[in-house]
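The values are calculated or read from the model by the stated rules, or taken from the named source; none is laboratory data. These numbers come from a predicted model, not from an experiment. Cβ atoms come from the backbone with ideal geometry, glycine included; neighbour counts cover every protein chain shown.
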Amino acid sequence: MNKLKFLILFLVAPALFAQVVHRFTGDRFTHYRYDDWFSYATALEITSVDMDENFIYFASRSGGILRYDKYNDQWDFPFTTSNGLRSNSVYQVVFNQSDGILYARTPAGVDVYRPAEHIWRPAPWSEMPPVNSPDYKTGDDQPYRFPPYYRPLNRELPDFFTDISFVYQLGGIVYDRHNREFRFTDRIIDSWQRLWVGTNGIGPMKAELNRTFLESTPQSIPYISPRDIYIDEDACWIGGQRLPGPVGGITRWDRNSNNWQYYEAPYVSGIYKDDVFSINGDGRFVAFATSLGLTLFDKRRDAWRTFDTGQGLQGNRVHDMLFIRDTCYVATEYGLSLLDLRSMKIGDPIESTLDNVRIYQLAYNDSLLWAATTFGLYSIDPGSGSIKFH
């Protein structure tokens with residue numbers, strides 16, 4: 001799908017914390033179509049890989065089953081609990097050629113997917129079908145040529161070329177640009193001599209065996225609990241609280257190309273902290289309220305910059321921000337700050353009413369800026385600078 005069609009996008013954090021679940025006693029699939037609900041959870045740890053005539057399937061530890069459409073050469077939406085799986089933690093995915101059914105083993109048991117039904121349902125049995133992999137012995141006459149469905153061992157793979165984002169080491173080991181080590185998990189060969197690989201922390205990878213070129217193709221949010229999203233034309237910016245896991249950060253999802261990028265505070269100059277509370281933007285900037293300042297991404301310059309108390313911000317913990325013409329109003333733990341987007345200088349409101357007042361959220365309506373604070377609701381007139389308590 002070049003254009004993502006969805007009614008509601010759910011960004012789901014890995015189930016590391018207790019959650020309140022409101023149970024629906026009916027079958028929601030009698031009320032909604034199978035593709036009305038898409039869920040995207042962290043799917044960077046791939047546990048199993050398989051394929052059928054149309055799709056490559058990647059089972060993940062916490063993000064359901066990723067799907068790549070082989071013939072349309074693009075990623076489709078993943079299978080998750082929104083599509084009937086009983087858990088987003090999938091240990092194994094297997095396509096059974098004898099009955100044409102896709103099987104998934106989860107903590108709740110075995111689920112099955114019949115293409116005609118467009119829904120996952122619990123299987124009446126507990127056994128998974130055997131994995132399809134033909135017997136094959138590598139020959140010297142055609143190195144790195146394998147039959148479809150074959151699962152080559154690490155020692156059978158070439159020394160892949162890569163781009164600058166990571167380095168491949170013989171033995172199924174990958175190092176990213178920050179020298180973090182990841183390893184191949186499962187893998188499979190398709191009919192076009194492409195190797196599809198799962199990893200233990202950076203999602204799916206694809207290798208063109210004819211060119212011995214390996215590329216990374218992550219298809220999910222990283223290890224974060226999302227707090228906010230911001231739609232910027234074809235891009236979806238996602239920020240939240242970092243969770244245990246190798247990859248985190250601010251996420252940019254290009255919904256047109258299905259490209260996922262992660263911007264991590266330890267490695268990106270200009271980002272002090274990627275613990276994000278809120279995201280907003282205007283035509284040029286995307287702003288992130290973080291636990292250590294206001295972070296701006298300048299789309300025109302492709303550059304990051306963070307403002308904190310050292311540049312005049314009232315407080316380092318920023319809860320929200322809002323753009324009004326050439327000013328970015330910043331809600332902090334100790335009051336309101338104003339960032340002039342022309343001079344890039346931080347200033348204070350004319351009145352000191354909100355000094356040392358924790359501001360949680362901002363809204364703009366009828367020429368007034370509204371602030372939700374610890375003490376109640378305030379309105380600010382951006383023109384005169386007057387502040388009133390309501």
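Has the range 74-92 got at least one residue that is surrounded by fewer than 20 Cβ atoms within 10 Å (Cβ to Cβ), without any contact (Cβ under 8 Å) to a residue 12 or more places away in the chain and within 21 Å of the chain's Cα centre (by Cα)? Scanning the range 74-92, I find no residue that is surrounded by fewer than 20 Cβ atoms within 10 Å (Cβ to Cβ), without any contact (Cβ under 8 Å) to a residue 12 or more places away in the chain and within 21 Å of the chain's Cα centre (by Cα), so the answer is no. Among the residues of the range 238-256, those identified as touching a residue at least 60 places away in the same chain (Cβ under 8 Å) and not in a strand (DSSP E or B) are Leu243, Pro244, Gly245, Pro246, Val247, Arg255, Asn256.
All of Phe213, Phe166 fail the test of being of a type in the set (Phe, Trp, Tyr) and surrounded by fewer than 16 Cβ atoms within 10 Å (Cβ to Cβ), apart from Phe213.
Among residues of the range 162-173 that are assigned by TED's automatic domain parsing to the domain that holds Asp186, those with a Cβ under 6 angstrom from a residue that is among the aromatic types (Phe, Trp, Tyr) and in a loop (DSSP other than H, G, I, E, B), sequence gap 6+ or separate chain, pair up as Tyr168/Phe160. Considering only the range 192-216, state which residues are of a type in the set (S, T, N, Q) and free of Cβ contacts under 8 Å to residues at least 60 places away in the same chain. Correct list: Gln193, Asn210, Ser216. Among residues of the range 108-124 that are buried (at least 16 other Cβ atoms within 10 Å of the Cβ), those with a beta-carbon under 8 Å from a residue that is in a loop (DSSP other than H, G, I, E, B) and of a type in the set (A, V, I, L, M, F, W, C) at least six positions away or on a different chain give the pairs Val110/Ala123; Val110/Trp125; Val110/Met128; Asp111/Leu85; Asp111/Ala123; Val112/Ala123; Trp120/Leu85. Checked against (1) under 30 Å from Gly281 (Cβ atoms); (2) buried (at least 19 other Cβ atoms within 10 Å of the Cβ), Arg177 meets all criteria but (2).
Among the candidates Gly281, Gly270, single out the residue that is modelled with pLDDT of 95 or more, of a type outside the set (A, V, I, L, M, F, W, C) and under 20 Å from the mean Cα position of the chain (by Cα). Before you say what the answer is, go through the steps one by one.
On the way: Gly270 fails: under 20 Å from the mean Cα position of the chain (by Cα).
It is Gly281.
Counted as qualifying within the range 263-346 are the strands (runs of 3 or more DSSP E) with 1 or more residues that are in the same structural domain as Leu369 (by TED's automatic domain parsing) and under 18 Å from Asp232 (Cβ atoms), namely 276-281, 285-290, 293-298, 303-307, 318-324, 327-332. Checking each residue of the range 290-301 against the condition of being over 30 Å from Gly245 (Cα atoms), in contact with a Phe, Trp or Tyr (Cβ under 7 Å, 6 or more places away or on another chain) and of a type outside the set (Lys, Arg) gives no match.
Can you tell me how many residues in the range 352-390 are in contact with a strand residue (DSSP E or B) (Cβ under 9 Å, 6 or more places away or on another chain) and assigned to a loop (DSSP other than H, G, I, E, B)?
13
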